[in-house]
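Trainee: Please read through the structure below; I'll follow up with questions.
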Amino acid sequence: MLHSDKIDNHIIAKALARFNKSQKEPLKKQSEDFQVFQEVFDKATLMALYHILNSQIISYLNGVVRSGKESSVFWGVTPEGNNVAVKIFLTVASNFKKKLIYIEGDHRFRHIQKNNYKLIALWTKKEFKNLHLAYSSEIPVPKPLYVRRNVLIMEFIGGEGIPAPTLAEIEIEDQDLDQVLLLIKKLYQKAHLVHSDFSEFNLFKHSSKIIAFDFASAVHISHPMANDFLLRDLNNINRFFIKRGYSSFNVTEMFKEIVEE
Ligand SMILES: Nc1ncnc2c1ncn2[C@@H]1O[C@H](COP(=O)(O)OP(=O)(O)O)[C@@H](O)[C@H]1O
Ligand SMILES: [Mg+2]
């Protein structure tokens, strides 16, 4: 967590006003969070946030949880006082064209436009839909709450603004592998999805429970490469558990068990 001031609709309104006047000089008294937020957010993103704050979907952003190359995740607070994760896909300096393979083969997204901004909005909606499918199939994922343009709001997994550790960051036990494999299997068989970016970095361990996240790349099992992605996911997990000193599982058998059952 960076040091933070609350980012509410007044701050967003000011930032928008700057865009409108196209003033160059920076606002006074900026927090570190606010700098992050100004560097990465374009006008359309600010407008989406403004709408979200004005509609009281959340009351304010309470700081940056993680700021990556393609997305920034913020800690948001709802009017009821619940913590939520606000994942904002960055429209600035990102190349979403390489993500087309996760979209084009998926029959749910046949009729799409291929300009970058629309693609990012589609990518965001895709993560939301995938989370919704998984969540309603009772697979442990953050509950998706809201999506608008490149902004996705979901249940916050962890404590006050501090995300639960990922498998990459914490000790693991035998039963973690069982949970992980069951999760992949249920995802395929009940939600008809393959995660496609499954690794220790996209799995939380929260009070001994494994929770999968980062679902933008997930594809429907009818995608022509779904089986390749599933094999890759299984191999990633196998490699990780071996690296941590656990015995390997048979990837081919697990794959068959998942797709043939
Ligand atoms: N629902 C959530 N609750 C708490 N923290 C989250 C949540 N979703 C993402 N994060 C935090 O943001 C980081 C990046 O999220 P992720 O969805 O993996 O984005 P990316 O596509 O950039 O990898 C996670 O490692 C975690 O620290
Ligand atoms: Mg990730």
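Trainee: GLU260 versus ALA168, label points 7 Å from Cα toward the beta carbon: distance in nm?
Mentor: 3.4 nm
Trainee: Please compute the contact order of region 167-260 in relative form: average sequence separation of alpha-carbon pairs under 8 Å and at least six residues apart, divided by the residue count, as a percent.
Mentor: On the way: 100 pairs, mean separation 27.1, N = 94.
Across region 167-260, relative contact order equals 29 percent.
Trainee: Additional query: So which helices of the chain fit the span-like rule, where a helix is a whole DSSP H run, its Cα atoms reach 24 Å or more along the axis, and its mean Kyte-Doolittle is at least -0.5?
Mentor: Details: long enough: 116-136 (30 Å, -0.39); 226-243 (26 Å, -0.18).
Counting only whole DSSP H runs, the qualifying helices are 116-136, 226-243.
Trainee: If you don't mind, another one. Per the helix-only calculation at 222 nm, which mean residue ellipticity applies to the chain, given -39500 (n - 2.57) for every DSSP H run of n ≥ 4 and division by its residues, nearest 500 deg cm²/dmol?
Mentor: My calculation for the chain gives -12500 deg cm²/dmol from helical runs alone.
Trainee: While we're looking at this one, here's another question. How big is the chain by Rg and Dmax over its Cα atoms, in Å?
Mentor: 19.4, 62
Trainee: From the phi of every residue in region 215-221, what ³J(HN,Hα) in whole Hz does the Karplus formula 6.51 cos²θ - 1.76 cosθ + 1.60 yield, where θ is phi - 60° and glycine or proline is x?
Mentor: For region 215-221, the Karplus-derived couplings read 9, 5, 7, 4, 10, 5, 5 Hz, x marking Gly and Pro.
Trainee: Compute the FRET efficiency between LEU231 and SER136 as 1/(1 + (r/R0)^6), taking r as their Cβ-Cβ distance and R0 = 22 Å, and round to the nearest 0.05.
Mentor: Values: r = 26 Å, r/R0 = 1.19.
Efficiency, rounded to the nearest 0.05: 0.25.
Trainee: Explain nothing, just compute: Karplus ³J(HN,Hα) = 6.51 cos²θ - 1.76 cosθ + 1.60, θ = phi - 60°, for every residue of region 57-73 in order, whole Hz, x for Gly and Pro.
Mentor: Computed from phi, the couplings for region 57-73 are 6, 10, 8, 6, 8, 10, x, 8, 8, 7, 10, x, 6, 10, 8, 10, 10 Hz.
Values quoted throughout were computed directly from the atomic coordinates according to the rules given, and no laboratory measurement underlies them. What you see is a predicted model, and the numbers here were worked out from it, not measured in a lab. Note that we place each Cβ from the backbone using ideal geometry, even for glycine, and neighbour counts take in every protein chain shown.
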